[in-house]
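Student: Here it is, the structure in full.
The values are calculated or read from the model by the stated rules, or taken from the named source; none is laboratory data. None of these values were measured; they are calculated from a predicted model. So basically every Cβ, Gly included, is an ideal-geometry build from the backbone, and we count neighbours across all protein chains shown. Note: accessible area is taken over every heavy atom of the protein model, side chains too, but ligands, DNA and RNA are not part of it. Shrake-Rupley method; radii C 1.70, N 1.55, O 1.52, S 1.80 Å.
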Amino acid sequence: MDELSARASDTDREHAVAALREHVLAGRLTLEEFSERARAAYLVREQDDLAALAGPLPALPTRRRPSRLTPALLAHVVRRGRLRLARRAIVVAAFSDVDFDLREAEIAHAETDVHLLVAFGNVDVYVPEGIAVDVTGLTVGGHRREWGRDAAQPSAPVLGVRVLALFGTVDVWRVPSDLRGGYRELTKALAQGQAALPA
């Protein structure tokens, strides 16, 4: 009986993932760290292992100012690392290429919107697999594509990608946690193994 009671139930797992989401919103986990721990939470069998994944995490030192605007004009701009996103972030790209890597991003809201305004340019957005991504918008004379598995966990934070593009291309890449590298390595690995999802 003790052995059975020590087994983690589906309800226990859901509570653990909800606790992980609170850690994300408090700035203790990045989106990728949440994704890795949430995936592991659905695989563990024992309550002790589950508690270790979702247990208390140390508070972070001073938090960065939120990133609200990423402009690019006749340029190639790369944003990556431990960015802190505002509730609404904006990427403006005119005659430019922007790599917007959100795998190590911090968020403070359960729903965060990234608005992409693209004219004669290209924006690639990278998110960890397991985060809920909702891509909507209008593309005139270009492409809007989603790549990778849509493997969002229940209770995952929601990232809204809102697109307004004129002769521009927007690609949203859902990146598995074991896949590393820069733009070329990521796009090559994902494109080889995945077909573009319907936009």
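Student: Under a plain spin-label model, where a point goes 7 Å from the Cα along Cα-to-Cβ, how far apart in nm are Leu69 and Arg184?
Tutor: That separation, rounded to one decimal, is 3.4 nm.
Student: Continuing with the same structure: Based on a Kirkwood Rh over C-alpha pairs, give the Stokes-Einstein translational diffusion coefficient of the chain at 10 °C and viscosity 1.306 mPa s in µm²/s.
Tutor: Working: Rh = 17.6 Å.
For the chosen part, D equals 90 µm²/s.
Student: Ignoring ligands, DNA and RNA, how do Tyr126, Tyr42 rank by accessible area with a 1.4 Å probe, largest first? Don't jump to the answer; show the numbers that get you there.
Tutor: Numbers: Tyr126 5, Tyr42 65 Å².
Ranked from most to least accessible, the order is Tyr42, Tyr126.
Student: Right, another one. Could you derive backbone 3J(HN,Hα) for segment 29-36 from the dihedral phi with the Karplus parameters 6.51, -1.76 and 1.60 (θ = phi - 60°), listing whole Hz in sequence and x where the residue is Gly or Pro?
Tutor: In residue order, the calculated couplings are 10, 7, 4, 5, 5, 4, 4, 5 Hz.
Student: If amide hydrogens are placed 1.01 Å from N in the peptide plane, which non-local residues have theirs closer than 5 Å to the one on Arg145?
Tutor: Val170, Asp171, Val172
Student: Would you work out what percent of the accessible area of the chain, with all protein chains in place, is carbon or sulfur (probe 1.4 Å)? List each step's numbers first, then the result.
Tutor: On the way: 5530 of 10240 Å².
That share works out to 54 percent.
Student: Next up: Hey, can you find the accessible area per residue of segment 97-178 for me, probe 1.4 Å, expressed in square angstrom?
Tutor: Details: 2810 Å² over 82 residues.
I get 34 Å² per residue for segment 97-178.
Student: What are the ³J(HN,Hα) couplings of segment 87-97, residue after residue, when phi is run through the Karplus curve with 6.51, -1.76, 1.60 and θ = phi - 60°? Round to Hz, x for glycine and proline.
Tutor: 4, 10, 10, 10, 10, 10, 10, 10, 6, 9, 10
Student: Can you tell me the 0 to 90 degree angle between the C-alpha axis of helix 183-193 and the longest principal axis of the chain, rounded to 10?
Tutor: The answer is roughly 70 degrees.
Student: If you don't mind, another one. Select from Phe34, Phe120, Phe100 the residue whose mean-square fluctuation is largest in a Gaussian network model of the chain (Cα-Cα springs shorter than 10 Å).
Tutor: Phe120
Student: Moving on to the next point. What are the trypsin sites (Lys or Arg not before Pro) within segment 107-194 that DSSP puts in a loop, where the Cβ has at most 12 other Cβ atoms within 10 Å? Please report the intermediate quantities before stating the final value.
Tutor: Working: sites: Arg144, Arg145, Arg149, Arg162, Arg174, Arg180, Arg184, Lys188; in loops: Arg149, Arg180.
Within segment 107-194, the qualifying trypsin sites (Lys or Arg not before Pro) (loop, at most 12 other Cβ atoms within 10 Å) are Arg180.
Student: For Leu43, put the label point 7 Å out on the Cα→Cβ axis and report which residues of segment 155-176 keep their amide N under 15 Å from it.
Tutor: 176
Student: Tell me the angle of helix 10-25 to the major Cα principal axis of the chain, expressed in degrees between 0 and 90 and rounded to the nearest ten.
Tutor: The helix 10-25 is inclined about 50 degrees to the chain.
Student: Also: Write down the percent of antiparallel bridges among all DSSP beta bridges whose residues are both part of the chain, to the nearest 5.
Tutor: Numbers: 2 of 55 bridges.
Restricted to the chain, the bridges split so that about 5 percent are antiparallel.
Student: Out of residues 5 or more away from Ala8 or on other chains, whose amide H comes under 5 Å of its own, with H placed 1.01 Å from N in the peptide plane?
Tutor: Counting only residues 5 or more places away or on other chains, the set is Glu46, Gln47.
Student: Still on this structure: Between His109 and Arg145, take the C-beta separation as r, use R0 = 25 Å, and let me know the FRET efficiency to the nearest 0.05.
Tutor: On the way: r = 26 Å, r/R0 = 1.04.
Rounded to the nearest 0.05, the efficiency is 0.45.
Student: What is the local net charge at Val114, summed over the other residues whose Cβ is closer than 9 Å to its Cβ (Lys, Arg +1; Asp, Glu -1)?
Tutor: It works out to a net charge of +1.
Student: Another question, then. Of Gly141, Leu74, Gln153, which is farthest along the charge dipole of segment 51-183 in the positive direction, counting Lys and Arg as +1 and Asp and Glu as -1 at C-beta?
Tutor: Leu74
Student: Only Cα pairs within less than 10 Å get springs; with that Gaussian network setup on the chain, which residue of Arg13, Arg21, Arg65 has the largest fluctuation?
Tutor: Arg65
Student: Amide H to amide H under 5 Å from Val135: which residues, 5+ apart in sequence or cross-chain, H placed 1.01 Å off N in plane?
Tutor: Val161
Student: Which value in deg cm²/dmol, rounded to the nearest 500, describes the helix-derived mean residue ellipticity at 222 nm for the chain, given -39,500 (n - 2.57) per DSSP H run of n ≥ 4 and division by the residue count? All intermediate terms of the calculation are to be shown ahead of the outcome.
Tutor: On the way: 5 runs with 50 residues, N = 199.
Calculated at 222 nm, the ellipticity per residue is -7500 deg cm²/dmol.
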